[in-house]
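Here is the structure we will look at.
The values are calculated or read from the model by the stated rules, or taken from the named source; none is laboratory data. Keep in mind that this is a model prediction, so the values were computed, not measured. Cβ: placed from backbone, ideal geometry, glycine included. Neighbour counts: every protein chain shown. Areas reflect the complete protein model, heavy atoms only, side chains present, ligands, DNA and RNA absent. Shrake-Rupley method; radii C 1.70, N 1.55, O 1.52, S 1.80 Å.
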Amino acid sequence: MRTYKENLAHDVLTLAVRAALAAMFALPLAVHAGDGDDEAAALKRPVSVVELGVLNVSKDSAKFGEYNGLNKANAYAVGNIDLRGGDGYGGGDGLTRWSLSGSDLGTSARELGASMAKQGRWNVGLRVDELTHNISDSYQTPFLGALGDNNFVLPAGFGIINTTALTGKNNPLVGTRNMTPGQLSSFRTEDIGSSRTKSTLAAGFTLNEQWSTQFEYSRLKQNGAKLINGSSSDARTGAGAAGTWAKEAMVTLMNPTNYTTDNFSAGLNWVGDKGFASATYLGSLFTDGYDSLSWQSPMGTGSATTGATTTTLAGGYQQNMLSTAPSNVFHQMNLTGGYALSSSTRLVGGLSYGRNTQNNGYLVDLMQTGGLPKSSLDALVVTTHANLKLTNSSVKDLALSAGLKYNERDNRTASDVYRMFDIGGGPAAAANSGTRRTEINAPYSLRRSEFEAAADYRLTKQQNLRLAYGYEDVKRWCNNMAGAGAPDPAVVGVIAGNAASPAGANCVIVPASKENKLSLNYRLRASDDVDFNAAYVYAKRTATIDNNALTPLNDQAGANGTGIVNASNYKGYLEFFDAGRAEDLFKAGVNWQLGERFNLGLNGRHTVDRYVDSTLGVQRGTSSSVNLDAAFNYSDNGVLAAYVSNQQRARSMLSGASGLGATDNATSYAALVAPTNIWANSLSDRDQTFGINARHKGLMGGKLELTGDVSMSVGKTSYHTDVPYYVPTATAPTCDALTSLSCGDTPTITSRNLTVKLAGYYQLNKQGKIALGYHFQRQRSNDYYYNVYQVGYSSSTLLPTNQTAPNYTINVVSATYVYTF
């Protein structure tokens, strides 16, 4: 839709440059001093462009129109403008310039802005842009409530969904797989999406040759909803006494995005003969128009013997609630500067300090008596940053640099003990029925220190070598971790491993890690036609491991999950993003100009990650890519280009199965029991893209230009599982014959996208051009992830939404008139 930006404006400039060069050599000086040549004059005055027209989209598709606003079968206005003027143009003494620009004005992805400036004095600008994220057009729900609401209720007469199966019966028609015709007719389709509008005012003032200041204010409004899953709680009072409503029943809801973000920035800048400095303030105020999302649960329980529903609607449906994003405030001060110590040595650096606060009150007290330690979180996170870089080029053909970076996220929020009722209604003894889980919030903090030194050496005029060394030191901790006593031994279901959590205990399994990185990059200009580059990077990360760290994660089998070590994971398991790792990266590329008309480029890279310290978890990961592109200027008016890209990624991991004495509950790492039943799986992704595009101009007496672009992309994801400990039996001779195990390959997830774009531009006169365009796009996806959301195939306590994988075939035609002046 922005056809003038790449084609028209570029052509006008090219013609103007050619005409100006010809005039300089062929005409008397008096001629190109005048205004008679319009094309040469275009270099002195601004070129303004207006494009108006219409386009039509053939079918509805949220995925095709995910961000471009073309999600509905409809006719859309095309409006693009780029207007410029002011006495600063034309080679006179004026200093003022102004502009008015807009793009995609006929869609929900529109943008419009205006600016004005007096060179060397001041500038001011105003911009408004919109963007809609179309998420789904196949989501269905029985809940009443519009997109953007925060309270959803069931229609009158919807009734109860009985989620209880008969004991000993293998009947698939249970719960949400067996809804009544009336319940099924209550489902309606809702388009899910979130739109944002951003308004920005910016201004700058130059006080003198050394001092200037700038200011910017923006307001971001977001409306609509994104999908979120919620789960029903174990009802206790009011509608649905304990045990009558299904607990942990899942629903997919429209989570409202009723957000407003106000951003402020102001800065003061200084520029001297040898240095510069800048001080800026940044403020951000985020406000959520809601504090909660509530809904009614229709899922009840029944008799496992007779199948009869035991839940009644005497007190109404069970009410459930989720909190939405909390409002918060962020303030930050920044200082940056640089100084030339000599003609060959320069020092630059910066400092920043920020405070992020959040103090929304808790919605309701769903804790045990005395289980809510305070009425709000009263959160505070302090961020600090510092960087310093020194460069030196005093030695011929050698450039040296060294830099330091420091980043810290210090979470100073208080840690407290919360005694709550969980949604599953954890086990309790009759004598102590009020006892449920204990949770401790963990104010996670992180500090990262980095150092890099590099040397660039020009071996010859054609060869360059760069050697760099990097070091990273990461610290992780939780401030003031609260302690909790051991669970009440009278509570039914308490695991023997659950114990007290002492105050101040370490809360992270990998409290520190260090990484050393060495890279070597070589560049060669073998000739005027051939450029080559190659690089190798080796990185080694070592992790400090505290397996006895008392994490705040609960063990779901116990009533109180305090005293849990290794995050309730089996012995030997580490998260791959923290675990020790050795990484090798190789990359190379060549660009070859084969004569005046043909250019060929080839580049690729390959990365191997090995997690040598992880007995369980991710063991190895690889990624690679190869890209080939070529361009052929078959004539002075035509060019043909093609490209091929292939990307692959794979990950292999080991995991443990329960049983045979394995346990993930203990008060010390040594007491954990590692599983002897180890199973392995691998995940692989592969993406391939092919494309060809062409452009030919100069047709029909130089008035017609044609362009075309065809591309095809294919993405595949595969998952494979091996269970080597499985012992075949007569009734289950293969692993995949067991209902409790899955072996071999899952169905490959495939996504194919074909895109064809054709356009023609006919020059009516010097100022007017007609543009006709055609856009075809087709996507085919078979993601079985969506199967669980279909009516009749969901779990018995999951309310289906009938969402489907994004498949579409779209045709778009457009016609516009482009006027240049």
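How about region 164-178: which of its residues are part of a loop (DSSP other than H, G, I, E, B) and either open to solvent by less than 20 Å² (accessible area, probe 1.4 Å) or modelled with pLDDT of 95 or more (or both)? Selection gives 174 alone.
The set of residues from region 559-608 being assigned to a loop (DSSP other than H, G, I, E, B), closer than 26 Å to residue 657 by Cβ and either of a type in the set (D, E, K, R) or open to solvent by 50 Å² or more (accessible area, probe 1.4 Å) (or both) comprises 571, 575, 576, 577, 578. The residue list 286, 330 contains one member that is under 25 Å from the mean Cα position of the chain (by Cα), farther than 30 Å from residue 211 by Cβ and aromatic (Phe, Trp, Tyr), which is 286.
Among residues of region 197-250 being modelled with pLDDT under 95 and of a type in the set (Lys, Arg), the one that is nearest to residue 122 (Cα to Cα) is 247. Does residue 758 satisfy the criteria of being more than 27 Å from the chain's Cα centre (by Cα) and not β-branched (Val, Ile, Thr)? Taking the combined requirement at face value, the residue satisfies it.
Conditions first: (1) in contact (Cβ under 8 Å) with a residue 60 or more places away in the chain; (2) in a strand (DSSP E or B). Residue 750 passes all but one, so which condition is the exception? Evaluating residue 750 over (1) in contact (Cβ under 8 Å) with a residue 60 or more places away in the chain; (2) in a strand (DSSP E or B) leaves (1) as the failure. Scanning region 254-266 for residues that are over 23 Å from residue 136 (Cα atoms) and in contact (Cβ under 8 Å) with a residue 60 or more places away in the chain yields a count of 0.
Just to be sure before I move on: is residue 714 open to solvent by less than 50 Å² (accessible area, probe 1.4 Å), under 24 Å from residue 809 (Cα atoms) and of a type in the set (Val, Ile, Thr) in the structure I sent? Yes; evaluated as a whole, the condition is true for this residue.
Scanning region 509-521 for residues being at pLDDT below 95 and open to solvent by 20 Å² or more (accessible area, probe 1.4 Å) gives a total of 0.
Checking 120, 106 one by one, the residue that is more than 25 Å from residue 214 (Cβ to Cβ) and over 26 Å from the mean Cα position of the chain (by Cα) is 106 and no other. Take the conditions (1) part of a loop (DSSP other than H, G, I, E, B); (2) modelled with pLDDT of 90 or more; residue 370 misses just one of them, which is (2). Residues that are part of a loop (DSSP other than H, G, I, E, B) and either crowded, with 16+ Cβ neighbours inside 10 Å or touching a Pro at 6+ places or on another chain (Cβ under 6 Å) (or both) do not occur anywhere in region 114-133. I'd like the full set of residues that are assigned to a loop (DSSP other than H, G, I, E, B), surrounded by 16 or more Cβ atoms within 10 Å (Cβ to Cβ) and in contact with a Gly (Cβ under 9 Å, 6 or more places away or on another chain), limited to region 763-821. Across region 763-821, the qualifying residues are 794, 796, 797, 800.
Looking only at residues in region 83-113 that are among the small types (Gly, Ala, Ser) and over 30 Å from residue 70 (Cα atoms), the one that is most open to solvent (accessible area, probe 1.4 Å) is 91. Kindly evaluate residue 482 against the criterion of being modelled with pLDDT under 90, touching a Ser or Thr at 6+ places or on another chain (Cβ under 8 Å) and small (Gly, Ala, Ser). The answer is yes for residue 482.
Residues are listed down the side, and each one gets a yes or a no for (1) within 29 Å of the chain's Cα centre (by Cα); (2) closer than 20 Å to residue 816 by Cβ; (3) charged (D, E, K, R); (4) loosely packed, with under 15 Cβ neighbours inside 10 Å:
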{"site": "47", "(1), (2), (3), (4)": "no, yes, no, no"}
{"site": "54", "(1), (2), (3), (4)": "no, yes, no, yes"}
{"site": "62", "(1), (2), (3), (4)": "yes, no, no, no"}
{"site": "65", "(1), (2), (3), (4)": "yes, yes, no, no"}
{"site": "74", "(1), (2), (3), (4)": "no, yes, no, yes"}
{"site": "81", "(1), (2), (3), (4)": "no, yes, no, no"}
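Scanning region 303-311 turns up one or more residues that are touching a residue at least 12 places away in the same chain (Cβ under 8 Å) and closer than 27 Å to residue 255 by Cβ.
Determine whether region 444-462 contains at least one residue that is in a loop (DSSP other than H, G, I, E, B), out of contact with any Pro (no Cβ under 9 Å at 6 or more places or on another chain), modelled with pLDDT of 85 or more and within 24 Å of residue 550 (Cα to Cα). So far as region 444-462 goes, no, none of its residues is in a loop (DSSP other than H, G, I, E, B), out of contact with any Pro (no Cβ under 9 Å at 6 or more places or on another chain), modelled with pLDDT of 85 or more and within 24 Å of residue 550 (Cα to Cα). When residue 753 is tested against (1) out of contact with any Leu (no Cβ under 9 Å at 6 or more places or on another chain); (2) closer than 28 Å to residue 166 by Cα; (3) open to solvent by less than 70 Å² (accessible area, probe 1.4 Å), only condition (2) is not met.
For residue 492, the conditions (1) within 30 Å of residue 583 (Cα to Cα); (2) hydrophobic (A, V, I, L, M, F, W, C); (3) modelled with pLDDT under 95 all hold with the exception of (1). Residue 613 meets the conditions (1) assigned to a loop (DSSP other than H, G, I, E, B); (2) within 24 Å of the chain's Cα centre (by Cα) in every case but one. The failed one is (2). Can you say whether residue 660 is closer than 30 Å to residue 528 by Cβ, out of contact with any Lys or Arg (no Cβ under 8 Å at 6 or more places or on another chain) and open to solvent by 50 Å² or more (accessible area, probe 1.4 Å), as far as the supplied structure shows? Considered against the rule, which asks whether it is closer than 30 Å to residue 528 by Cβ, out of contact with any Lys or Arg (no Cβ under 8 Å at 6 or more places or on another chain) and open to solvent by 50 Å² or more (accessible area, probe 1.4 Å), residue 660 comes out as no. Out of 274, 247, one residue alone is within 24 Å of residue 141 (Cα to Cα) and touching a residue at least 24 places away in the same chain (Cβ under 8 Å). It is 247.
Of all residues being in contact with a Phe, Trp or Tyr (Cβ under 8 Å, 6 or more places away or on another chain) and outside any loop (DSSP other than H, G, I, E, B) in region 714-728, which is farthest from residue 747 (Cα to Cα)? Just the residue, please.
Within region 714-728, the subset in contact with a Phe, Trp or Tyr (Cβ under 8 Å, 6 or more places away or on another chain) is 721-725.
Then drop every residue that is not outside any loop (DSSP other than H, G, I, E, B), which leaves 721-722.
Working: 721: 12, 722: 15 Å.
Here the residue is 722.
Quick check, is residue 197 open to solvent by less than 70 Å² (accessible area, probe 1.4 Å), of a type in the set (S, T, N, Q), in contact (Cβ under 8 Å) with a residue 12 or more places away in the chain and more than 30 Å from residue 274 (Cα to Cα)? Yes; evaluated as a whole, the condition is true for this residue.
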